[in-house]
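S.K.: Please find one structure pasted underneath; my questions will follow.
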Amino acid sequence: MFMRHLTGLYQVPAQTLHEILHAASVFKPSLLQSPPKLFSTLAGKTVVNLFFENSTRTRTSFELAERRLGASSVNFAAAQSSTSKGESLLDTVANIEAMQVDAYVIRHPHAGAAELLTKHTQKPVINAGDGQHEHPTQALLDIFTLQETFEKLSGLRVLILGDILHSRVARSNIFGLQTLGAKVSLCAPPTLLPREIHRLGVTVFTDIREAIRNCDAVNVLRIQLEREAGGFIPSLSEYHRFYGLTEEAVAVASKKIFILHPGPINREIEISSSVADRFGSDAQEMPQAKSESLILRQVTNGVAVRMAVLHLLLSSSPLPSPN
Ligand code: CP
């Protein structure tokens with residue numbers, strides 16, 4: 001039986017991760033058709049997207065995934081809701097549940113919010129990012145993109161670069177990638193590394209050139225200024241100089257490396273525009289280029305991965321035929 005909720009990738013078994021990645025590969029071709037193919041495996045279901053924090057990619061892709069599987073989507077934006085009058089998360093959900101819904105996608109600024117919800121509903125809960133804790137579907141789409149690019153995850157050397165301290169994306173990626181046999185390293189200024197990070201079995205660098213030299217892919221993280229990350233570095237321009245993924249930094253790679261970023265991007269802070277925007281065809285026209293960006297491919301894959309997760313959690317039908 002598939003899991004009941006998806007609140008994180010910590011201790012999720014490899015078999016479950018493979019099941020999600022396989023389902024995403026079934027749904028991916030439908031996204032490349034024009035118009036995208038629609039399915040009906042969630043016909044009659046209603047999914048509520050509870051967003052207590054801003055989002056562009058996650059919210060839009062969940063909504064598209066729900067609609068393309070035939071579900072109805074209800075979008076709850078905290079700023080326009082009775083949360084602003086003091087209603088609690090649990091009261092909000094109890095009231096929405098009284099209207100007969102089938103699942104929740106929740107983004108919340110507080111770590112543990114998705115897990116808390118699972119204790120107060122019988123419906124499946126999907127964590128769309130909770131504070132600095134986990135963002136499992138982001139990591140799954142990152143991992144799916146790496147698997148599409150490299151075919152094999154076992155032994156793949158993935159560097160996570162940037163504001164690790166405040167990052168739920170880093171934590172979910174570390175858990176998922178390690179379960180699937182990838183070798184994860186981290187690079188950040190010492191002030192942006194969690195104190196106990198070595199216990200997670202990762203290699204830690206503070207020198208970007210050393211970190212990049214022998215990796216296959218770099219997942220670049222945003223400096224989370226809304227979580228006060230600016231107070232942990234001398235200045236944004238110095239951060240860019242020492243930890244930004246620039247042409248000079250990628251030039252030290254021993255072979256071409258692939259670049260991911262969960263978005264939104266702070267251009268010319270954690271990544272240079274020229275590195276972020278060099279996609280497949282541009283990179284092929286520049287054989288000397290040391291990097292290729294997968295950033296927009298990640299966004300496309302986000303819809304496939306969220307279709308996979310929603311289908312596996314909510315549908316009793318088998319996976320549809322991809323054609
Ligand atoms: N990667 C990500 O979570 O982006 P959004 O905040 O736009 O959803």
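S.K.: Out of all the residues in the stretch 25-42, is one or more touching a helix residue (DSSP H, G or I) at 6+ places or on another chain (Cβ under 6 Å) and within 16 Å of the ligand (Cβ to nearest atom)?
M.R.: no
S.K.: OK, next. Check the stretch 256-269 and report whether any residue there is open to solvent by less than 30 Å² (accessible area, probe 1.4 Å), farther than 21 Å from Leu153 by Cβ, of a type in the set (A, V, I, L, M) and within 16 Å of the chain's Cα centre (by Cα).
M.R.: No.
S.K.: Do you know which residues across the stretch 49-77 are outside any loop (DSSP other than H, G, I, E, B), within 12 Å of the ligand (Cβ to nearest atom) and not charged (D, E, K, R)? Can you show your working first?
M.R.: To start, the set of residues in the stretch 49-77 that are outside any loop (DSSP other than H, G, I, E, B) comprises 49-51, 57-68, 72-77.
Restricting the remaining residues to those that are within 12 Å of the ligand (Cβ to nearest atom) gives 49, 51, 57-63.
Asn49, Phe51, Thr58, Thr60, Ser61, Phe62 - these are the residues of the stretch 49-77 that are outside any loop (DSSP other than H, G, I, E, B), within 12 Å of the ligand (Cβ to nearest atom) and not charged (D, E, K, R).
S.K.: Are any of the residues in the stretch 84-96 in a strand (DSSP E or B), assigned by TED's automatic domain parsing to the domain that holds Thr58, out of contact with any Gly (no Cβ under 8 Å at 6 or more places or on another chain) and not charged (D, E, K, R)? Explain how you work it out, then say what you get.
M.R.: Quick first cut of the stretch 84-96, residues in a strand (DSSP E or B) only: none.
No - not one qualifying residue is present in the stretch 84-96.
S.K.: Assuming Ser81 fulfils every condition listed in (1) more than 21 Å from Ile143 (Cβ to Cβ); (2) within 16 Å of the ligand (Cβ to nearest atom) apart from one, which condition is it?
M.R.: Ser81 satisfies every listed condition except (2).
The values are calculated or read from the model by the stated rules, or taken from the named source; none is laboratory data. As the structure is a computational prediction, the values presented were derived from the model and not from experiment. As a convention, Cβ positions derive from the backbone with ideal geometry for all residues, glycine included, and neighbour counts pool all protein chains shown. For the accessible areas, the whole protein counts, side chains as well, though only heavy atoms, and no ligand, DNA or RNA atoms are used. Shrake-Rupley method; radii C 1.70, N 1.55, O 1.52, S 1.80 Å.
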